[in-house]
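Undergrad: Can you read through this structure? Questions will come right after.
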Amino acid sequence: MKKNTLKGLSLQVIPFSEIENLSISERVKKLLTLVVAQKIVIIQGRLRPEEEARLIEDTMAMVDHIKNFKGMELAVIEPDMKDKDLWTKVRYGIAKRLVGESSALTIIGPCSLVREIKRDPKKIELLLTN
Amino acid sequence: MLRILKSLSRKMLSSFFGRKEEIRIGFYGPPNAGKTSLANRICKDWTGAEIGQVSKVPHETRHVQFKEKVEINYKGKTLTFKIVDTPGIATKIDYEDFLHFGVKKGAAKKRAKEATQGIIESIQWLEDMEAVVVVLDASENPYSQVNITIIGNLVARKIPLLLVANKIDLKKAEIKKVQAAFPEYPVVGISAKEGLHMDEFYEALFALAKKV
């Protein structure tokens with residue numbers, strides 16, 4: 001796990017291999033522990049939809065119980081396959097099934113640090129609070 | 001676990017006894033997209049009574065609310081729905097956001113607490129839906145992770161969905177942006193508040209019901 005600190009801003013980069021063998025609960029707990037500790041987490045890969053839903057559920061439960069924790073911002077960026085030829089799409093689909101969505105990036109940050117994550121299909125913009 | 005077993009037994013019973021009595025249809029989406037406005041419009045059109053209150057303050061709906069036996073007639077066909085209106089799903093709740101709408105501090109804190117529980121309730125109810133209408137505000141950026149998470153969960157659970165681009169009466173509304181964001185799904189542009197394009201909505205709703 002790499003860790004970079006820049007004037008109070010802490011980014012935590014998690015390779016997918018570090019969380020791939022964890023159960024949904026363990027995975028969500030690990031991510032939320034980091035977010036509550038005021039870290040912006042960058043995951044190589046993406047969570048499954050049910051894990052994202054669980055992450056939102058558990059975040060809400062924590063908002064209710066942890067003072068000054070108001071939630072998180074979450075965004076996923078994936079390669080844009082819209083204009084790619086069929087063969088590229090098929091290869092991408094097979095790779096996705098075999099090794100998971102490792103070409104995606106997931107960013108999760110506490111909303112006290114990350115005001116907004118602006119996402120359009122091609123880029124992600126992290127707007128930090130002052 | 002209990003919820004999954006309940007849902008499974010209901011599915012087995014309905015397939016054993018043939019035609020479904022009513023279709024459970026959920027209204028999902030981010031806060032202030034107009035889920036309750038649309039549910040109200042449908043319920044008022046076909047039962048004469050509304051389902052819930054609407055407000056400019058986000059998270060007005062903080063509990064799942066229902067209207068059973070909503071019988072809709074469209075082009076000579078009739079279908080009966082159980083309308084399930086859910087609280088808007090968000091990843092953050094800050095009581096201070098409600099203060100900007102003139103809500104007092106105590107009431108804002110209470111609203112925030114109820115809103116967090118409402119979001120959990122919404123997500124837990126997903127399992128029980130037979131079809132879902134995802135309501136988005138057509139004047140907002142559709143590429144929000146909440147929208148993607150809701151749609152991803154419906155696809156993973158094999159629940160048929162219809163996308164509604166609401167608030168097309170607003171100048172900033174762009175249905176094309178919603179269509180471009182989710183090209184795999186049918187999108188209907190409406191204004192629940194003004195009752196615009198409701199015919200197209202009912203046509204799409206009946207097409208959605210066929211997939212159940």
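What follows draws every value from the coordinates through simple rules; no lab data is involved. Keep in mind that this is a model prediction, so the values were computed, not measured. Using ideal geometry, Cβ is built from the backbone for each residue, glycine included, and neighbour counts are taken over all protein chains shown.
Undergrad: Using modelled backbone amide H atoms (1.01 Å from N, in-plane), which distant-in-sequence or interchain residues come within less than 5 Å of A:Val13's amide H?
TA: Hits under the 5 Å cutoff: A:Lys2, A:Asn4, A:Ile42.
Undergrad: Which value at 222 nm does chain B reach when only helices count, each DSSP H run of 4 or more adding -39,500 (n - 2.57), with the total divided by all residues and rounded to the nearest 500 deg cm²/dmol?
TA: It lands at -12500 deg cm²/dmol.
Undergrad: Which whole number gives the average count of other chain Cβ atoms within 10 Å of the Cβ atoms across peptide B:108-120?
TA: 3
Undergrad: Moving on. Would you mind telling me which residue in B:Ile93, B:Ile51, B:Ile25 has the biggest mean-square fluctuation in a Gaussian network model of chain B, where springs connect alpha carbons within a distance under 10 angstrom?
TA: B:Ile93
Undergrad: What are the principal axis extents of the Cα atoms in region B:90-212, in Å, biggest first?
TA: Rounded to whole Å, the extents work out to 46, 36, 23 Å.
Undergrad: Provide a whole-number value for the mean count of partner chain Cβ atoms within 10 Å of the Cβ atoms in peptide B:32-44.
TA: 0
Undergrad: Let me ask something additional. Just counting partner chain Cβ atoms within 10 Å, what average do the residues of peptide B:138-149 show around their Cβ?
TA: Averaged over the peptide's residues, the number is 4.
Undergrad: What is the projected area of the convex hull of the Cα atoms of chain B, averaged over all directions, in nm²?
TA: For the Cα atoms of chain B, the hull's average projected area reads 12.2 nm².
Undergrad: With contacts defined as alpha carbon pairs under 8 Å and 6 or more residues apart, what's the relative contact order of chain B in percent?
TA: Value for chain B: 21 percent.
Undergrad: Could you tell me which of the pairs B:Lys44/B:Lys105; B:Lys67/B:Lys109; B:Lys56/B:Lys176; A:Lys118/B:Lys167; A:Lys67/B:Lys177 are separated by over 27 angstrom between their Cα atoms in the structure shown?
TA: Long pairs (Cα-Cα over 27 Å): B:Lys44/B:Lys105; B:Lys67/B:Lys109; A:Lys67/B:Lys177.
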